[in-house]
Amino acid sequence: MKSVLLGGFILLHTMLYAQSTGLRLRAVGIDVFKNLPLMASFPKMGIMAGQERIQYSNPLALETFFQFSTRQPHHFNHIGVGYTQLNQQIASRLTQNSEGYFIKMGHEQHAQNTHFKSYAFWGYNLTLTYLKVQSQLSIRGQYFPHYQQSLPDESGLGAYLEMNGGYAFLVYGRLETRIVARAGLALSEVGSPNSSYLPGAGMRLWAYPLSPVGGITVQVFYLTKPTFK
């Protein structure tokens, strides 16, 4: 709750700052897919990390964006806050329940040429995250009783810098759908082993503290005024 209130305070401060510097709110949006692992939708699927198999379940992700026009045409700034929750099971013996908060700040440029009420865009984001991991070790015994033990909670901060690009489509009235491809580097080390999913960034490609992160996501924006006439 404290993190949510802090995020709301930051957003309010940013919107007041935008008004004082001539920025104008262009759109309010949500991230629909939020870079969640597709494997979380299929319990029998998973990924291999080294010799360990990781399966995901119970995904939850919320992310809200506020995009502002700038004095420079076709250039926009945005800020977003979000919350994620995800369970992962490693090699059938270690369960990690992770939840995190993040704030995302970035800049975006839109192509000047539009076609059938659509346009290309590209930009960059800096994401700061907080992640908490609760772990439980469970070993099924054949000759001895089952062993189950809760491990100490772990938490920490992370940062993610990305480049992104995509295409936006005006689907109805002021409702805009955006398909975004992302790639960048994430820096964070939380959990034992290191959590394979970082809030606001997505799936790590490596288990090391510094790891490439990328993916494709879908966003829906509501425009404050019509973009196309």
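Consider region 124-163 and keep the residues that are open to solvent by less than 40 Å² (accessible area, probe 1.4 Å) and of a type in the set (Val, Ile, Thr). The one that is nearest to TYR83 (Cα to Cα) is THR129. Working only within region 212-227, note down all residues that are surrounded by fewer than 18 Cβ atoms within 10 Å (Cβ to Cβ) and polar (S, T, N, Q). Result: THR224, THR227. Being among the aromatic types (Phe, Trp, Tyr) and in contact with a Leu (Cβ under 8 Å, 6 or more places away or on another chain) is a condition met by at least one residue of region 208-225.
On the stretch given as region 195-229, residues that are among the charged types (D, E, K, R) and under 20 Å from GLY106 (Cβ atoms) total 0. Taking each residue of region 143-157 that is within 17 Å of SER195 (Cα to Cα) and looking for partners that are open to solvent by less than 100 Å² (accessible area, probe 1.4 Å) and among the charged types (D, E, K, R) with beta-carbon atoms closer than 7 Å, six or more apart or interchain, yields ASP153/LYS132; SER155/LYS132. Within region 22-55, being open to solvent by less than 30 Å² (accessible area, probe 1.4 Å), at pLDDT 70 or above and out of contact with any Phe, Trp or Tyr (no Cβ under 8 Å at 6 or more places or on another chain) holds for one residue alone: ILE54. When PRO209, PRO199, PRO193 are checked against the criterion of being open to solvent by 50 Å² or more (accessible area, probe 1.4 Å) and either closer than 20 Å to LEU60 by Cα or out of contact with any Gly (no Cβ under 6 Å at 6 or more places or on another chain) (or both), PRO193 stands alone in meeting it. Is it the case that region 132-141 has a residue that's over 25 Å from PHE68 (Cα atoms), among the basic types (Lys, Arg) and part of a strand (DSSP E or B)? Looking through region 132-141, at least one residue is over 25 Å from PHE68 (Cα atoms), among the basic types (Lys, Arg) and part of a strand (DSSP E or B).
One line per residue, one yes/no per condition, for (1) within 12 Å of the chain's Cα centre (by Cα); (2) in contact (Cβ under 8 Å) with a residue 12 or more places away in the chain; (3) farther than 18 Å from LEU126 by Cβ:
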site	(1), (2), (3)
GLY184	no, yes, no
SER188	no, yes, no
PRO193	no, yes, yes
LEU198	yes, yes, no
TRP206	no, no, yes
LEU210	no, yes, no
VAL213	yes, yes, no
ILE216	yes, yes, yes
THR224	no, yes, yes
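Kindly evaluate SER69 against the criterion of being in contact (Cβ under 8 Å) with a residue 24 or more places away in the chain, small (Gly, Ala, Ser) and farther than 19 Å from THR217 by Cβ.
yes
Scanning region 71-120 for residues that are open to solvent by less than 40 Å² (accessible area, probe 1.4 Å), at pLDDT below 90, in a loop (DSSP other than H, G, I, E, B) and in contact with a Phe, Trp or Tyr (Cβ under 7 Å, 6 or more places away or on another chain) yields a count of 0.
The values are calculated or read from the model by the stated rules, or taken from the named source; none is laboratory data. A quick note: this is a predicted structure, and the numbers were derived from the prediction, not measured. Every residue, glycine among them, receives a Cβ derived from its backbone with ideal geometry; neighbour counts consider all protein chains shown. Only protein heavy atoms, including side chains, enter the accessible area calculation; ligands, DNA and RNA are left aside. Shrake-Rupley method; radii C 1.70, N 1.55, O 1.52, S 1.80 Å.
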